[in-house]
1. Does at least one position in segment 22-34 carry a residue that is surrounded by fewer than 17 Cβ atoms within 10 Å (Cβ to Cβ) and closer than 15 Å to Glu63 by Cβ?
2. Go through (1) part of a helix (DSSP H, G or I); (2) open to solvent by less than 40 Å² (accessible area, probe 1.4 Å); (3) in contact with a helix residue (DSSP H, G or I) (Cβ under 6 Å, 6 or more places away or on another chain) one by one and return the number of the condition Val5 breaks.
3. Just to be sure, is Glu61 of a type in the set (Asp, Glu), without any contact (Cβ under 8 Å) to a residue 40 or more places away in the chain and under 12 Å from His85 (Cα atoms)?
Amino acid sequence: MSNKVHCAHVLVKSEKEAKEVLEKLKKGEKFSSIAKSVSCCSSKKNGGDLGFFTRGKMVKEFEKVAFALNKGETSAIVKTQFGYHIIKRLE
C-alpha cells in the first residue's frame with residue numbers, strides 16, 4: 001500500500017458547482033483548466049496540483065478517497081469541512 005500520493009483537486013463551495021465541474025470533465029475539459037478557473041483553493045494557480053502528500057496530511061474524508069484512486073482516476077464529489085472536492089490522482 002502506498003504511503004504517498006500525488007493528487008490535484010478542484011474545491012468549490014456548493015454541491016451544485018461540484019456537479020458542474022464533473023459535467024465539464026465528462027465533456028473533455030482539462031482538469032487543470034477547470035481548477036484554474038473555478039477552484040477556491042490556493043492550489044488553483046497550479047491547476048489544482050497538491051503535489052505529493054502522505055497519510056495524515058489531509059482531512060480524513062479527502063485522504064480516504066485520494067489514496068483509493070488509481071493513477072489517472074478522478075473521484076466523485078467528496079464533501080469536507082472546506083467544501084466539495086473533485087480529486088484526480090496524478091501519480
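1. No; the residues of segment 22-34 include none that is surrounded by fewer than 17 Cβ atoms within 10 Å (Cβ to Cβ) and closer than 15 Å to Glu63 by Cβ.
2. Result: Val5 passes all but (1).
3. Details: of a type in the set (Asp, Glu): yes; without any contact (Cβ under 8 Å) to a residue 40 or more places away in the chain: yes; under 12 Å from His85 (Cα atoms): yes.
Yes.
Results for (1) in a helix (DSSP H, G or I); (2) of a type outside the set (Phe, Trp, Tyr); (3) open to solvent by less than 30 Å² (accessible area, probe 1.4 Å), shown as yes or no for each residue.
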{"site": "Lys44", "(1), (2), (3)": "yes, yes, no"}
{"site": "Gly56", "(1), (2), (3)": "no, yes, no"}
{"site": "Glu61", "(1), (2), (3)": "yes, yes, no"}
{"site": "Lys64", "(1), (2), (3)": "yes, yes, no"}
{"site": "Gly72", "(1), (2), (3)": "no, yes, no"}
{"site": "Ile86", "(1), (2), (3)": "no, yes, yes"}
{"site": "Glu91", "(1), (2), (3)": "no, yes, no"}
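The values are calculated or read from the model by the stated rules, or taken from the named source; none is laboratory data. Computed from a predicted structure; not experimentally measured. We place every Cβ from the backbone using ideal geometry, glycine too, and count neighbours over all the protein chains shown. For accessibility, only protein heavy atoms count, side chains too; no ligands or nucleic acids. Shrake-Rupley method; radii C 1.70, N 1.55, O 1.52, S 1.80 Å.
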